[in-house]
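The values are calculated or read from the model by the stated rules, or taken from the named source; none is laboratory data. All values reported here derive from a predicted model rather than from experimental measurement. Backbone-built Cβ (ideal geometry, glycine too); neighbour counts: all protein chains shown.
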Number of protein chains: 2
Amino acid sequence: MMKLKRQNVRTLSLIVCTFTYLLVGAAIFDALESENEVKRRDHLLSEENMLRSRYNITDEDFNFLRRNVERTVSYYAGIQWKFSGAFYFALTVVTAIGYGHSTPQTTGGKIFCMFYALAGIPLCLVMFQSVGERLNIFITYALKQIRKCFKLHNQEVSETHVILVTTQLSSLVLSMGALMFSYYEGWRYLESFYYCFITLTTIGFGDYVALQKGEALQQDVKYVIFSIVFILFGLTVISAEMNLLVLRFLTMNTEDERRDELEAA
Amino acid sequence: MMKLKRQNVRTLSLIVCTFTYLLVGAAIFDALESENEVKRRDHLLSEENMLRSRYNITDEDFNFLRRNVERTVSYYAGIQWKFSGAFYFALTVVTAIGYGHSTPQTTGGKIFCMFYALAGIPLCLVMFQSVGERLNIFITYALKQIRKCFKLHNQEVSETHVILVTTQLSSLVLSMGALMFSYYEGWRYLESFYYCFITLTTIGFGDYVALQKGEALQQDVKYVIFSIVFILFGLTVISAEMNLLVLRFLTMNTEDERRDELEAA
Ligand SMILES: [K+]
Ligand SMILES: [K+]
């Protein structure tokens, strides 16, 4: 049991890699952002002081005002919990994107949200992997047909071909999505691309969130549908890629373990 | 190709399930939160009006102040990008938690963040699955030893036993974590539990974020280490559970496809 099996070596290497990756990442983020943070903070605080002294706001009132503004952000962005907004929220829960642009405020809402995520996230994960795998099968089939059309001698479609197509497809989804969101939200293209990327990796910072302007959630049906379809289709394409690139690594240890057992028997 | 294979039926059922789940969820969230939203908004806006009229703040200045407050939130929570803060941020990127308590503000930071997530999320996913699988093997081994100790006749340890233990373990991590964070952050126990749950499901709304009070990120080394270990250990336990409960469903279509091919050959 205690001798270093391949599975243990692999796990240890992965832990070392991840920690190194985190330390290097932290150093780079520190280098990129720290200086700007201090400058930006000083600038914002001097703006704050200017306004406070112009109106002579007391400390107590200003703290009260700050808390008030922090809490009204989502309300200034429009009604969040009428059906379409609640649907958008539910989608960010089950996909684990979790922008946090609006979060349950009632105790009942918080408790329901936990139960909802508990069943919803696994369901959603299995659904996306299932559809992604179907998409891969469809791409394989389509590539074969194309090769037949062009009467190519070698009609075999390798996994590498399918990976190339899904990679192309996800780049296309990202860049087209970025174009559309930049049009609808008035973001610069890079910001919009960053929003799409952070959404489809399910990080979902919430620094940029679609449908949070001009009551879009309640008024602009076309844009609501586009945003939801973007998330659903985008995650399908990413899942198709993960199905080919990552899934085999997730089961590696388990498969090695099974082989060891068979060999031992 | 077009006849309804088992894989297609499964995928279709999953799509129908997910959409139903989203619609039902949206309806419940609407019912739970909509009324409170209107009340809370009216209350906050009347507070805002009271303060504005007390100081007679112009529309232009108030909008300026609002934008200023929104941007200073993370700075009031302490220095975010010095090494320990940058490490905490990097961890929320590679785990895809993405609280968004602090996000890259420079163009360089945003671009690096995307590349960082691109490699980091798969690495982290594979690492957690690998460690989670090792944890399951260890639990199986420990259960066997316990049965030996008690000289039980049947020394077989089934998967169900291991699932029960990891479920117990994850409940323990959640409830102990909730206790600690409620102590450190002064949250009510339910809020603290909600924070732990939303973190370990990697939703990461960011409505509650640890280490955002009293310069904790830079000053309270013990608490920083506890928070990071909580995320790492918590996600390992969840991964161990996912390894047993969900992973097999992710590969179901692919395995059926392989079987079909073998049968066809
Ligand atoms: K997330
Ligand atoms: K998030």
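Please go through (1) farther than 16 Å from B:Leu135 by Cβ; (2) in contact with a helix residue (DSSP H, G or I) (Cβ under 7 Å, 6 or more places away or on another chain); (3) within 14 Å of ligand 1 (Cβ to nearest atom); (4) of a type in the set (A, V, I, L, M) for B:Leu235 and return the number of the only condition it doesn't satisfy.
(1)
Cβ-Cβ below 7 Å, separation at least six or inter-chain, first residue in the range B:1-30 and more than 9 Å from every other protein chain (Cβ to nearest Cβ) and assigned to a helix (DSSP H, G or I), second surrounded by fewer than 16 Cβ atoms within 10 Å (Cβ to Cβ) and modelled with pLDDT under 95: which pairs?
Pairs found: B:Arg6/B:Asp256.
Taking the range A:68-94 as the region of interest, how many residues are assigned to a loop (DSSP other than H, G, I, E, B) and either among the aromatic types (Phe, Trp, Tyr) or buried (at least 23 other Cβ atoms within 10 Å of the Cβ) (or both)? Give the derivation first.
Step one: list which residues in the range A:68-94 are assigned to a loop (DSSP other than H, G, I, E, B), which gives A:77-82.
The next check asks that each one be either among the aromatic types (Phe, Trp, Tyr) or buried (at least 23 other Cβ atoms within 10 Å of the Cβ) (or both); those that pass are A:80-81.
Residues meeting the conditions: 2.
Residues checked against (1) away from ligand 2 (no atom under 14 Å from the Cβ); (2) facing chain A (nearest Cβ under 7 Å); (3) touching a strand residue (DSSP E or B) at 6+ places or on another chain (Cβ under 9 Å):
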| site | (1), (2), (3) |
| --- | --- |
| B:Leu91 | no, yes, no |
| B:Ala96 | no, yes, no |
| B:Tyr99 | no, no, no |
| B:Pro104 | yes, yes, no |
| B:Cys113 | no, no, no |
| B:Cys124 | yes, yes, no |
| B:Phe128 | yes, no, no |
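Tell me which helices (runs of 4 or more DSSP H) are completely within the range B:153-237 and hold 3 or more residues being modelled with pLDDT under 95, or say none if there are none.
B:159-185, B:216-219
Take B:Arg54 and decide whether it is part of a helix (DSSP H, G or I) and buried (at least 16 other Cβ atoms within 10 Å of the Cβ).
In short, no.
If I go through the range A:57-78 residue by residue, how many of them are facing chain B (nearest Cβ under 7 Å) and closer than 24 Å to B:Ile203 by Cα?
The qualifying residues number 5.
Hey, could you check the range A:179-216 for residues that are closer than 23 Å to A:Phe89 by Cβ and aliphatic (A, V, I, L, M) and say which is nearest to ligand 1 (Cβ to nearest atom)?
A:Ile203
When the residues of the range A:18-51 are filtered to those that are acidic (Asp, Glu) and more than 30 Å from B:Val229 (Cα to Cα), which remaining residue is surrounded by the fewest Cβ atoms within 10 Å (Cβ to Cβ)? Lay out the reasoning, then the answer.
First, the residues of the range A:18-51 that are acidic (Asp, Glu): A:30, A:33, A:35, A:37, A:42, A:47-48.
From what is left, the residues that are more than 30 Å from B:Val229 (Cα to Cα) are A:42, A:47-48.
On the way: A:Asp42: 11, A:Glu47: 16, A:Glu48: 19.
Ranking the candidates gives A:Asp42 first.
In the range A:184-194, which residues are more than 10 Å from every other protein chain (Cβ to nearest Cβ) and within 15 Å of the chain's Cα centre (by Cα)?
Residue satisfying the conditions is A:Ser192 alone.
Restricted to the range B:196-216, and to residues that are hydrophobic (A, V, I, L, M, F, W, C) and under 16 Å from B:Gly186 (Cα atoms), which residue is surrounded by the fewest Cβ atoms within 10 Å (Cβ to Cβ)?
Per the criteria, the residue is B:Ala216.
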